[in-house]
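Here, each number is a calculation from the coordinates, and none is a lab measurement. What you see is a predicted model; the values in this text were computed from it and never measured. Reconstructed Cβ throughout: ideal geometry from the backbone, glycine too, with neighbour counts over all protein chains shown.
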Amino acid sequence: MDLSGQILIAMPGMADPRFERSVVLLCAHSAEGAMGLIVNKPLEELSFSGLLEHLNIPVAPSGREISVHFGGPVERGRGFVLHSSDWERGGAEGTMKVPGGLEMTATINVLEALASGGGPGKALLALGYSGWGPGQLEAEIARNDWLTCDAPEGVLFGADDGGKWSAALRGMGIDPLTLSAAAGRA
């Protein structure tokens with residue numbers, strides 16, 4: 001099973017509070033494990049312009065402001081920019097292709113491009129990432145911790161972070177109010 005490019009939607013019974021009502025884009029998934037970014041938990045205390053100032057990256061008048069998110073509990077000091085694949089640049093060093101026409105870049109050049117008013121058309125910055133060891137994610141899915149589905153662009157890059165969880169469920173035809181925290185077998 002390869003869920004790369006899919007989203008995980010936390011079920012109401014999610015025991016880990018860091019993932020409660022989370023929507024996670026899986027950037028990579030294989031027998032060795034999985035890596036993803038939470039796309040609906042903004043870091044209210046940190047703005048993109050504030051981060052650029054901290055990194056001494058000058059911001060042009062045309063510089064863009066993108067949302068900064070808690071990407072997950074692993075390596076919280078490391079940044080990952082999830083973005084559309086329309087960014088023209090020399091070389092793809094530090095960029096990983098994600099199924100569905102997305103890319104993830106973990107180098108400073110994407111931050112510099114956004115600060116100057118360029119860069120990819122759609123982007124969000126995640127600090128930290130979500131990671132699973134071999135078989136761990138599959139066990140969590142079997143335990144009813146997560147639902148999986150295709151990653152709608154409106155959910156990934158939409159402005160309403162608070163509504164992404166419900167929107168992802170509604171996109172699957174599920175009313176969030178009808179979900180139960182209990183799993184069962186018929």
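If GLY79 meets every condition in (1) without any contact (Cβ under 8 Å) to a residue 60 or more places away in the chain; (2) assigned to a helix (DSSP H, G or I) apart from one, which number is that one?
GLY79 satisfies all of (1) without any contact (Cβ under 8 Å) to a residue 60 or more places away in the chain; (2) assigned to a helix (DSSP H, G or I) except (2).
Any residue at all in region 62-80 that is on the phi > 0 side of the Ramachandran plot, surrounded by fewer than 13 Cβ atoms within 10 Å (Cβ to Cβ) and over 19 Å from the mean Cα position of the chain (by Cα)?
No, region 62-80 contains no residue that is on the phi > 0 side of the Ramachandran plot, surrounded by fewer than 13 Cβ atoms within 10 Å (Cβ to Cβ) and over 19 Å from the mean Cα position of the chain (by Cα).
For THR105, state whether it is among the hydroxyl-bearing types (Ser, Thr, Tyr), crowded, with 21+ Cβ neighbours inside 10 Å and without any contact (Cβ under 8 Å) to a residue 60 or more places away in the chain.
When the stated conditions are applied, THR105 passes them.
I need the full set of residues from region 96-130 which are touching a Leu at 6+ places or on another chain (Cβ under 8 Å) and aliphatic (A, V, I, L, M), in order please.
Those that are touching a Leu at 6+ places or on another chain (Cβ under 8 Å) and aliphatic (A, V, I, L, M): VAL98, LEU102, MET104, ILE108, LEU111, ALA115, ALA123, LEU124, LEU125, ALA126, LEU127.
Out of (1) out of contact with any helix residue (DSSP H, G or I) (no Cβ under 7 Å at 6 or more places or on another chain); (2) in a strand (DSSP E or B); (3) under 18 Å from ALA28 (Cβ atoms); (4) touching a residue at least 60 places away in the same chain (Cβ under 8 Å), what's the single condition that is false for PRO134?
In the conditions (1) out of contact with any helix residue (DSSP H, G or I) (no Cβ under 7 Å at 6 or more places or on another chain); (2) in a strand (DSSP E or B); (3) under 18 Å from ALA28 (Cβ atoms); (4) touching a residue at least 60 places away in the same chain (Cβ under 8 Å), PRO134 misses (2) alone.
Quick one: SER166 ticks every box in (1) touching a helix residue (DSSP H, G or I) at 6+ places or on another chain (Cβ under 6 Å); (2) buried (at least 20 other Cβ atoms within 10 Å of the Cβ) bar one, so which box is it?
SER166 satisfies every listed condition except (2).
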